[in-house]
Every structure is written in C-alpha cells, then in structure tokens.
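*Asks:* After the structure tokens below, expect a handful of questions from me.
The values are calculated or read from the model by the stated rules, or taken from the named source; none is laboratory data. Every value quoted in this text rests on a predicted model; they were computed, and no experiment measured them. Note: ideal-geometry Cβ built from the backbone for every residue, glycine included; neighbour counts use all protein chains shown. Just so you know, the surface numbers come from the protein's heavy atoms only, side chains and all, with ligands and any DNA or RNA stripped out. Shrake-Rupley method; radii C 1.70, N 1.55, O 1.52, S 1.80 Å.
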Amino acid sequence: MTALSISLTNVSVRFDIDAAADGHTLKGFLAGLRNRAPRQANFVEALKNVNLEVRAGERVGLIGHNGAGKSTLLKVMAGIYPPTTGVAKTVGHVCPLFEFATGFEYNRSGWENIRIRAMLLGMHPDEIEAKLPEIAEFSELGRFLDYPVRTYSTGMFVRLAFAVSTSVNPEILLLDEVMGAGDLSFTEKANVRMREFMDQGKILVFSSHSLDLLTEYCNRTVWMNRGRIIEDGPTPAVVNAYKNHALGRSTMLPESAAT
C-alpha cells in the first residue's frame, strides 16, 4: 500500500489578474483587435518556488497574514489549482474543508445536500444512507435539515459541511479557518472528532490565524509570507518567531524568506 504523502517541488502559482476583467469579455476582445498589440500581462504570484513534504501522521499548521498564500497552497494540495511551474503530488483520499459551496444545492434541503456532497466525496449510496443518522446527529441541525440550505446561517452551513466531510473518514484533511464556527457545544464536538482523526495517523494541514488552535493541533507549522515559506519547523518555535515579528520584536524575516 502506498504511503500517504503531500509533495510540492519548486511549486509556483501565478494568476493573470487582467484576464478575467478584459480577456474574457467582448469589450476586451474588441479592444485587442483595435490595438493589434499583445496585452502586457499583469500577474500576481500567489506561490513562489515552494518546496514542502508532508508525511503520514503529520499535523501541519499554516500561518501568515492575509494574502500570504496559505489558501492557495491548500488548493494546490487539494488539486483545485494546478501549479504554474513545478510539481505537486498528493497521495491519498483528500477532503478539502474550505470549499463550502462545492456540492451544495441551495434550493434543496439539508438531507438532500448531505447525499449530494457525500457522493461527490466518493461515498457509495448505501454507505450514505447508513451514515445519515450519524451525520444529522453530529450537525445538530434537527428540523432545519428539512429546510433549503439557502435559509441557513454561516454557522449552520459550516456545521453541515463539517459533519458530511469528516464522516467519510478521509486520509488527508485540509482545513481553512473553519474550527471557530458554531457554539461552544458544537466546537467541542468538532475538537473531539479532529482528535479522533489525528489519532488515526493520517495527514492534517490546518490554516488558521488562531495560534492557540495551531499549538493544540499541529506538531509542525509552516510560516508563509508573500507566497514563500519563511520557516518550517516545530510549532512552538515557528509560532514564537511569528509572534515576535508580528509584535515588532524582530524587524527582520528569517533568512529563508530570501530564498
């Protein structure tokens, strides 16, 4: 059996921010015909030459300010974004818990959406029906499962997504700032389920601004800045370095930022 792993080698991701605004509109097309000159691309580099290896049993945190590249990195790991350059390879059944809208039909009930999303996550119809009571109980949505999900609050939506996605027993779980949703009771249930998942020796990659959560869940943390990995090491050391920099105690980024 092939060991679970995530491997990124010299991965860069860049987006042409003008393409959607001009290149895919009639106005942009006509402007290009008039000018008859190549449009100068305006790129944003979301990831720059990232090298990262994650093995079975590792619990990896991602920290950095907004726009540092954390979400892009998770989407590369999930296979949602292909690298512009470099090679990204993920071995194992991936469950990305950040694309909440994926697989949800807003005019359908919670029950129907459980079935739809579970099928997209690779569950067999018989398995879905067997797990329906467990998923419903975990979500704590009760009678609201009879209602269209367009009537749900953000917290209710997150509950449903988390309940379904973690019921499939994924080998690789990718999380992006979702653990804080819901009331105290649900948060504790989510924490218990996360601990059960991690005890199974699989892979967790967790992006969060909560340094307390990262310290609790992750034995390794990656600090990102402007699409690059600044530090990668034991969570206490990386979190401490990040805090010192954020609080102005250290004005210089580690040397790895320049690589």
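*Asks:* Taking the criterion of being at negative phi, out of contact with any Asp or Glu (no Cβ under 9 Å at 6 or more places or on another chain), loosely packed, with under 13 Cβ neighbours inside 10 Å and basic (Lys, Arg), would at least one residue in segment 122-142 satisfy it?
*Replies:* Looking through segment 122-142, none of the residues is at negative phi, out of contact with any Asp or Glu (no Cβ under 9 Å at 6 or more places or on another chain), loosely packed, with under 13 Cβ neighbours inside 10 Å and basic (Lys, Arg).
*Asks:* Also, I was wondering about something else. Inspect segment 74-89 for any residue being in contact with a Cys (Cβ under 8 Å, 6 or more places away or on another chain) and closer than 30 Å to Lys243 by Cα and give the result as yes or no.
*Replies:* Within segment 74-89, none of the residues are in contact with a Cys (Cβ under 8 Å, 6 or more places away or on another chain) and closer than 30 Å to Lys243 by Cα.
*Asks:* Okay, next question. If you take the residues of segment 151-173 that are modelled with pLDDT of 85 or more and either β-branched (Val, Ile, Thr) or more than 19 Å from Leu120 (Cβ to Cβ) (or both), which of them is surrounded by the fewest Cβ atoms within 10 Å (Cβ to Cβ)?
*Replies:* Ser153
*Asks:* Can you tell me which residue is nearest to Arg55 (Cα to Cα) among those in segment 226-248 that are open to solvent by less than 30 Å² (accessible area, probe 1.4 Å) and not hydrophobic (A, V, I, L, M, F, W, C)?
*Replies:* The residue in question is Gly233.
*Asks:* Here's a follow-up. Considering every residue within segment 193-210, establish whether at least one is touching a residue at least 40 places away in the same chain (Cβ under 8 Å) and among the polar types (S, T, N, Q).
*Replies:* Looking through segment 193-210, at least one residue is touching a residue at least 40 places away in the same chain (Cβ under 8 Å) and among the polar types (S, T, N, Q).
*Asks:* Of everything in segment 203-259, what is at positive phi and either modelled with pLDDT under 95 or touching a Cys at 6+ places or on another chain (Cβ under 9 Å) (or both)? Give them in sequence order.
*Replies:* Result: Arg226, Gly248.
*Asks:* Check every one of the strands (runs of 3 or more DSSP E) wholly within segment 1-116 and list those with 2 or more residues that are modelled with pLDDT of 70 or more and open to solvent by 60 Å² or more (accessible area, probe 1.4 Å).
*Replies:* Correct list: 5-16, 43-55, 85-91.
*Asks:* Show the residue pairs that are 6+ apart or on different chains and have beta-carbon atoms under 6 Å apart, the first residue being within segment 90-102 and closer than 16 Å to Phe157 by Cβ, the second being part of a strand (DSSP E or B) and modelled with pLDDT under 70.
*Replies:* none
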